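Structure first, commentary second.
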Amino acid sequence: MESLITKMRQDPYARYLGISVEEVSKGYARATMTVTEQMLNFHGSTNGGAIFSLADVVFACASNSHNEVAVGITMTMHYMKASFVNEKLVAIAEEETTPHRLGLYRIVVKNEANELIALAEGMVYRKKSLIVAEY
């Protein structure tokens, strides 16, 4: 599983945003991101797209943790509280269904004070191909 996790941690988009994939296990992932000035909207709070991107990274990691290609088919995000520059956001994705063709995931994004920033649900379609040959 370590080669799969290494591959996830090397995701170019996540690295570009400074997202750190901290933990991955079967059906679970945890990642963090510190909000930078470039991630702010004109209100001075974190742009929803940045928060969504953090949630999407853990969603991808958790859903692909079975080493079977899983592609997102839908994701719904609810923004509950604003976050601001220099805040560290923590996102956790957990599998809600036993792995089969369709996978349902719950994604929670919180700040360091453990306040709920956003809540999402995502669904994936699993293909029958492996991500890494040696698993």
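The values are calculated or read from the model by the stated rules, or taken from the named source; none is laboratory data. Quick caveat: nothing in here was measured; it's all calculated off a predicted structure. Just so you know, the surface numbers come from the protein's heavy atoms only, side chains and all, with ligands and any DNA or RNA stripped out. Shrake-Rupley method; radii C 1.70, N 1.55, O 1.52, S 1.80 Å.
Per-residue 3J(HN,Hα) values for the stretch 71-80, derived from phi via the Karplus relation 6.51 cos²θ - 1.76 cosθ + 1.60 with θ = phi - 60°, read 10, x, 10, 6, 8, 10, 10, 10, 8, 9 Hz in sequence order (x marks Gly and Pro).
Suppose a student asked you for the relative contact order of the chain, using Cα pairs under 8 Å spaced at least 6 residues apart; what percent would you report? Before the final figure, lay out the partial values.
Values: 301 pairs, mean separation 36.1, N = 135.
Value for the chain: 27 percent.
Within the full protein context, the accessible area of Tyr79 is estimated at about 110 Å² for a probe radius of 1.4 Å. The slack between Lys88 and Leu116, meaning 0.36 nm per residue of separation minus the straight C-alpha distance, is 8.8 nm. Comparing Lys110, Lys81, Lys26, which has the greatest mean-square fluctuation in the GNM of the chain with Cα pairs linked when under 10 Å apart? Of Lys110, Lys81, Lys26, the Gaussian network model singles out Lys81 as fluctuating most.
Can you give me the % of accessible surface on the chain that is carbon or sulfur? Probe 1.4 Å, all protein chains present, nothing else counted.
On the way: 3780 of 7310 Å².
Percent of accessible area from carbon and sulfur atoms in the chain: 52.
Database remark: amide H of Ile117 closer than 5 angstrom to the amide H of Val109, Lys110, Asn111 (H placed geometrically; neighbours at sequence offset of 5 or more, or on other chains; Pro and chain starts carry no H).
Normalised radius of gyration (Cα atoms, divided by 2.2 N^0.38 Å) for the stretch 61-119: 1.30. Note on Val90: accessible area is roughly 30 Å² with a 1.4 Å probe, heavy atoms of protein only. Proximity of backbone amide H atoms, modeled 1.01 Å from N, is registered between Asn47 and Leu40, Asn41 at under 5 Å, excluding neighbours fewer than 5 places apart on the same chain. For the chain, would you read off the P(r) tail past 18 Å as a percentage of all alpha carbon pairs? Of the Cα pairs, 51 percent sit more than 18 Å apart. Here is the tail figure for the stretch 17-96: Cα pairs spaced more than 21 Å apart come to 29 percent of all pairs. In order along the stretch 44-59, the phi-based Karplus estimate (6.51 cos²θ - 1.76 cosθ + 1.60, θ = phi - 60°) of 3J(HN,Hα) comes to x, 10, 5, 4, x, x, 5, 5, 4, 4, 4, 4, 5, 5, 5, 4 Hz; Gly and Pro are listed as x.
Where does the chain land at 222 nm, in deg cm²/dmol rounded to the nearest 500, when only DSSP H runs of n ≥ 4 count, each adding -39500 (n - 2.57), divided by all residues? If you can, show how the numbers build up before the last one.
Working: 3 runs with 30 residues, N = 135.
Taken over the chain, the calculation gives -6500 deg cm²/dmol.
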